[in-house]
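A.B. asks: Below is one structure. I have some questions about it.
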Amino acid sequence: MAWPMRVLLVLWMNALSLLPLRVLRALGSSLGRVLYHAVPKRAHVARVNLKRCFPHWSDALVETHVRLAFQYFAKAWLDRAWLWHGSASKIQSRVKWLGSHEGLALILNGAEHTLKPEAVIVFAPHFVGLDVAWTALSMQRAGPLSTIYTPQSSKVADAWMRASRARFGRVNLFTREDGVKRIVSGLKKGALLYLLPDMNFGPEESIFVPFFGTPAATVPSLSRFAKLSGARVIPVTTQMTPLGYEITVHDSFKAFPSEDFVQDTAFMNQWLEREIEARPDQYFWLHKRFKTRPDSEQSFYD
């Protein structure tokens with residue numbers, strides 16, 4: 001049964017990939033408005049997150065941004081039709097690279113032919129276009145790249161997403177169960193690591209650092225991987241635009257990692273806060289960012 005379902009899913013996404021972008025985005029906006037009403041529990045999660053992070057916003061303003069968050073989420077999901085099933089030329093025509101020339105050279109060129117390749121970690125926060133930057137990197141980077149992903153509960157969806165994220169380039173898709181040794185070894189050999197550590201992955205190995213002033217369980221993996229591998233950390237953010245996406249490569253973090261991984265992780269969140277403030281509707285607010293609470297503190301989402 002799984003194989004026919006996957007075939008139908010691929011056929012459906014292939015059909016969507018043929019639509020003009022403006023039509024696909026209009027469908028996404030409509031789908032987002034439907035989801036806002038159809039999934040009230042997720043709307044509640046987004047509402048709580050936004051009130052925690054922007055306490056100065058009025059209830060009406062929060063609700064406006066909750067609705068917009070659903071629309072951006074839906075548009076980004078439908079965009080995966082052309083991102084995961086469209087031609088390479090179509091993807092390239094809808095993606096624009098911006099930002100630091102040094103950072104662009106490091107993450108796009110790779111260093112596999114040098115005697116001592118430089119280890120590089122891309123810090124990629126959970127903006128709605130995060131899969132766009134990964135796909136664009138896999139298309140353009142000469143050397144290998146890897147990432148850590150969370151397997152889906154549906155075997156059909158998991159197989160589809162793995163295949164879609166590995167359609168270009170020399171990629172390795174790790175899970176958290178794979179451990180750190182293979183990832184660190186790859187980094188030292190020049191395999192770029194695309195890391196997304198800004199979600200709540202539970203209390204195991206997490207520490208509490210402020211996120212918009214509220215303690216949030218955060219994995220200190222960015223600091224630890226950088227420490228273990230000697231990698232340079234380059235943050236990358238992706239913004240949806242009417243013409244596609246803009247991927248901004250920022251300057252690498254200076255004096256990072258430090259001797260204190262807690263300080264490093266707090267710095268990561270502070271940096272991210274500024275980026276979110278510039279485009280709050282494109283961050284992934286539907287996730288329970290504050291689900292894990294310290295000292296048995298009552299859940300914010302009850």
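A.B. asks: Compute the FRET efficiency between LEU18 and ARG293 as 1/(1 + (r/R0)^6), taking r as their Cβ-Cβ distance and R0 = 51 Å, and round to the nearest 0.05.
C.D. replies: 0.65
A.B. asks: Separate question: Set the Förster radius R0 to 25 Å, insert the Cβ-Cβ distance between LEU61 and ASP302 as r into 1/(1 + (r/R0)^6), and round the FRET efficiency to 0.05.
C.D. replies: Given R0 = 25 Å and the Cβ-Cβ separation, E is 0.60.
A.B. asks: I've got another one for you. What whole-number value in cubic angstrom gives the convex hull volume per residue for the C-alpha atoms of the chain?
C.D. replies: Considering the Cα atoms of the chain, their hull volume per residue is 144 Å³.
A.B. asks: Towards the positive end of the charge dipole of region 2-292, with charges on Cβ (+1 Lys, Arg; -1 Asp, Glu), say which of PHE208, TRP285, VAL219 has the farthest Cα.
C.D. replies: Ranked along the dipole, the leading option is TRP285.
A.B. asks: FRET efficiency for VAL262 and ALA159, Cβ-Cβ distance as r, R0 = 35 Å, nearest 0.05?
C.D. replies: Using R0 = 35 Å, I get an efficiency of 0.40.
A.B. asks: Same structure again: Taking the alpha-carbon centroid of each part, what is the distance from region 74-105 to region 193-227 in angstrom?
C.D. replies: The two parts, judged by their Cα centres, are 27 Å apart.
A.B. asks: What is region 17-119 by shape, rounded, prolate or oblate, if you read a ≥ b ≥ c off the alpha carbon gyration tensor as root eigenvalues and call it rounded for a/c under 1.5, prolate for a/b larger than b/c, and oblate otherwise?
C.D. replies: It is oblate, given that a/c is not under 1.5 and a/b is not larger than b/c.
A.B. asks: Which trypsin sites (Lys or Arg not before Pro) from region 74-173 combine a DSSP loop assignment with at most 15 other Cβ atoms within 10 Å?
C.D. replies: ARG167, ARG170
A.B. asks: Run the dipole for the chain about the Cα centre, Lys and Arg Cβ at +1, Asp and Glu Cβ at -1, nothing else charged, and hand back the magnitude in debye, nearest 20.
C.D. replies: 1000 debye
A.B. asks: Still on this structure, I have one more. How much mean residue ellipticity at 222 nm does the chain get from its helices, if each DSSP H run of length 4 or more adds -39500 (n - 2.57) and you divide by all residues, to the nearest 500 deg cm²/dmol?
C.D. replies: -15500 deg cm²/dmol
A.B. asks: Please give me, ordered by residue number, the GluC sites (Glu not before Pro) of region 143-205 that lie in loop per DSSP and have at most 11 other Cβ atoms within 10 Å.
C.D. replies: In loop regions of region 143-205 (DSSP not H, G, I, E or B), the sparsely surrounded GluC sites (Glu not before Pro) are GLU204.
A.B. asks: So which of LYS188/LYS254; LYS51/LYS288; LYS181/LYS288; LYS51/LYS96; LYS41/LYS291; LYS75/LYS96 end up more than 24 Å apart, counting from Cα to Cα?
C.D. replies: LYS181/LYS288; LYS51/LYS96
A.B. asks: Return the percentage of antiparallel bridges among DSSP beta bridges fully within the chain, rounded to the nearest 5 %.
C.D. replies: About 40 percent, rounded to the nearest 5.
A.B. asks: Taking 0.36 nm per intervening residue step and subtracting the Cα-Cα distance, what contour gain separates GLU277 from MET139 on full extension?
C.D. replies: Additional length available on full extension: 46.7 nm.
Taken together, the values in this text are just the output of simple stated rules run on the coordinates, not laboratory data. Treat the numbers as computed from the prediction; the structure is a model and nothing was measured. Backbone-built Cβ (ideal geometry, glycine too); neighbour counts: all protein chains shown.
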